[in-house]
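Data first, discussion second: the structure below is written as structure tokens.
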Amino acid sequence: MKFRYLMTAFLGASCFASAAMAATLEDVKSKGYVQCGVSQGLPGFSNPDDAGDWQGIDVDVCRAVAAAIFGDADKVKYTPLSAKERFTALQSGEVDLLSRNTTWTATRDTALGLDFTGVNYYDGQGFLVRRSLGIKSALELNGAAVCTNTGTTTELNVADYFRANDMEYEVVAFEKADEVVAAYDAGRCDVYTTDQSALYANRLKMENADEHVVLPEIISKEPLGPVVRQGDDQWADIVAWSLHAMVNAEELGVSSANIADMRKSTNPAIRRLLGIEGTFGENLGVSNMWADHIVSQVGNYGESFDRNVGKDSPLEITRGLNALWSNGGIMYAPPIR
Amino acid sequence: MFFQALVLGSFGLFVWFIVDNTITNLEKQNIASGFDFMSTTAGFGIVQSLIDYSEEASYGRAFLVALLNTLLVSALGIFFATIIGFLIGIARLSPNWLLSRLAAVYIETFRNIPLLLQILFWYIAVLSNLPGPRNSLMLWGDAGALNSRGLYLPAPVPQDGAGFVVAALLVAVAIIFGLRHWARRRQLETGQQFPLFRVGCGILISLPLVVLLLTGIPYTAEIPELRGFNYRGGIRLIPELMALVIALAIYTAAFIAEIVRAGIQSVSWGQSEAAMALGLRPGVTLRLIIIPQAMRVIIPPLTSQYLNLTKNSSLAAAMAYPELTSVFAGTVLNQTGQAIEVLGITMAVYLSISLLTSLAMNWYNARNALVER
């Protein structure tokens, strides 16, 4: 009797074990929403607004994926994750997609069982110091106390930078971004270091934002992008092409404002993007209207950038590297054909 | 018997199934596994290390640094919590009304506020609000400094002849042990008592002091000085360590005080009366009659408090103290992505520390337990 129960338990458990590896798309469709891992509040990237709705350039990736699958960008549930928790949450299936200002590195792409599907923001690590210190360059930081986040590329880059320039430093590493900002603001550290975009964003949280200045040096390459579990190629494709669709839409001049007119366009590239010609959506496993839904509900990449981090936001970050390749940046998407 | 074997067998199968399932799934998901990562380069800095550590060191070295930091904070916490706890516990029983009420207020305040809040209070509300390095509070002239980056104290640097002072200290300790042996035997044989405590203290202080003066004080002080952004040189206590030790000691002391009070009260009043009837003075009564009997009641719950304190030190992850949970189960876990191995090691370490503490205290308890004659 006992043995039979045990066998049942075994069979049940082994079915469960293999079920965890099933296609993410089926999973997402059956539960009716995308579970998206975001930050615990980084203005411009993923941050809840006054009404409690998540906003930001990383959130727009989640929304684009939901628009592609369900035709409704609001079918997303968000899981705020610390830098330390994020990969485990994705590996264990707690989230379907991680879109949390995460740097694409070799280790993360290979040894963690994860796949990066593109870059939605080209960033680099910088330093924030008090204006009153009168420092003009990061090379003057010998002996400084540096506040940063645990479990980030930042923590490693700052070690490399000080080592390469033969300078002493003291690293004070906190788990949550807010704790880092508070500790720096309270005077525990001379320097706050993280990706430059986040420095601008977090500077807004400080008591007196004007007292702090971002140093000109950028000490690392930080391509930030969405991440999925390795081994589910269809899901990786959907996430990758949702982002490509936003960039392609900007390049073709299709925006949420003019999409109604654009549906009547005779330009074959626009007709393919909006699903009027070809079966690109079906090939992905979603509706042919996928990119139409993304652009009309989330907007193209340029709109998302301007609204969240660019000229229409409090951050006012210039496009820089994130401009389209045709405008002097390196934002480039493969064509839809 | 048959059913016991069956249960044991199925438990073994179950464990095997869990392990096998984990390994298979990790391989399926292409997540690296195994312990090879321990010897690869860590590449990150750690703010406080008791042993040599640099960014070039391995993850294994970083693990050791973090482990020692955990042990340091636990040892300091246990030391101060015991002293404060015993003092407050005895004060709680004082016939002085004000003293016993103050002790009661202390106990009820600190044991009823969550520890995490107390840690954050000391760290954020107290230590973070100290002035910056340029406006430090100077201690003893300019010899020490206290600022938001920590407490800086002069460090003694041994010169030629410092060995003699250390030797004198060891000799003093040896003499005291010899004296104790002799005094006990004399008391057993003749009944005469020897003022061991006072004489012992005298030897412990005077002998090294005399040698120190004879050798011309063979130490120089390394005084911390402000260079660039921060003070350098001397001994430094980082604010994270101070906040953690203060919070852990004060919180745990409140529990220890109650344990001490319970222990003393468990010795029946008749014991004191009997001692008085025999003409023993109050100090002797406390030392020879009350405390030895109270210790039997105190030690087992005291052990639990020591274990709690060690485990509570992992709350340091809420601020930036680089102990095991924050460095190893934090940074290392994230840089390597090997959650199962890293968390497994971390849990095993806490378990080992706790079991060792437990073992030591059980040994002490056995020594102090009631010996029936």
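The values are calculated or read from the model by the stated rules, or taken from the named source; none is laboratory data. Everything numeric in this text was worked out from a predicted model, so none of it was measured. Neighbour counts run over all protein chains shown; Cβ positions are idealised from the backbone, glycine included.
Observations on the structure shown:
- The set of residues in the range A:154-175 being within 9 Å of chain B (Cβ to nearest Cβ) and buried (at least 18 other Cβ atoms within 10 Å of the Cβ) consists of A:GLU155, A:LEU156, A:VAL158, A:ALA159, A:PHE162, A:TYR169, A:GLU170, A:VAL171, A:VAL172, A:ALA173, A:PHE174, A:GLU175.
- Entirely in the range A:180-246, the strands (runs of 3 or more DSSP E) that have 2 or more residues that are over 18 Å from A:THR153 (Cα atoms): A:212-214, A:227-229
- Those helices (runs of 4 or more DSSP H) lying entirely in the range A:24-104 with at least 2 residues within 24 Å of A:ASN202 (Cβ to Cβ): A:57-70, A:86-91
- Counting the residues of the range B:257-275 that are modelled with pLDDT of 90 or more and in contact with a Ser or Thr (Cβ under 8 Å, 6 or more places away or on another chain) gives 1.
- Selected residue (criterion: farthest from the other protein chains (Cβ to nearest Cβ)) from residues of the range B:184-226 that are charged (D, E, K, R) and surrounded by 12 or more Cβ atoms within 10 Å (Cβ to Cβ): B:ARG186
- Test for B:SER33: is it within 12 Å of chain A (Cβ to nearest Cβ) and not in a helix (DSSP H, G or I): yes
- Residue in the range A:121-138 that is surrounded by the most Cβ atoms within 10 Å (Cβ to Cβ), counting only those that are within 13 Å of chain B (Cβ to nearest Cβ) and either in a loop (DSSP other than H, G, I, E, B) or touching a Cys at 6+ places or on another chain (Cβ under 8 Å) (or both): A:ILE135
- Residues in the range B:60-113 that are closer than 21 Å to B:THR357 by Cβ and among the polar types (S, T, N, Q): B:ASN69, B:THR70, B:SER74, B:THR82.
- Residues (within 13 Å of B:LEU370 (Cα to Cα) and of a type in the set (Gly, Ala, Ser)) located in the range B:269-301: B:ALA294
- Within the option set B:ARG261, B:ARG227, B:ARG236, being over 30 Å from B:PRO133 (Cα atoms) and of a type in the set (Lys, Arg) holds for one residue only, B:ARG261.
- Yes/no for A:LEU315 being modelled with pLDDT of 95 or more and surrounded by 16 or more Cβ atoms within 10 Å (Cβ to Cβ): no
- Restricting the first member to the range A:86-107 and to residues that are in contact (Cβ under 8 Å) with a residue 12 or more places away in the chain and surrounded by fewer than 20 Cβ atoms within 10 Å (Cβ to Cβ), and the second to residues that are assigned to a helix (DSSP H, G or I) and not small (Gly, Ala, Ser), the beta-carbon pairs closer than 7 Å and six or more apart or on different chains are A:THR105/A:THR153.
- Filtered by the rule that a residue be in contact (Cβ under 8 Å) with a residue 12 or more places away in the chain and among the aromatic types (Phe, Trp, Tyr), the range B:80-99 gives B:PHE80, B:PHE86.
- Count of the range A:139-153 residues which are in a helix (DSSP H, G or I) and either modelled with pLDDT under 90 or at the interface with chain B (Cβ under 7 Å from one of its Cβ atoms) (or both): 1
- Verdict on B:SER136 being touching a residue at least 40 places away in the same chain (Cβ under 8 Å), over 30 Å from B:ALA253 (Cα atoms) and hydroxyl-bearing (Ser, Thr, Tyr): yes
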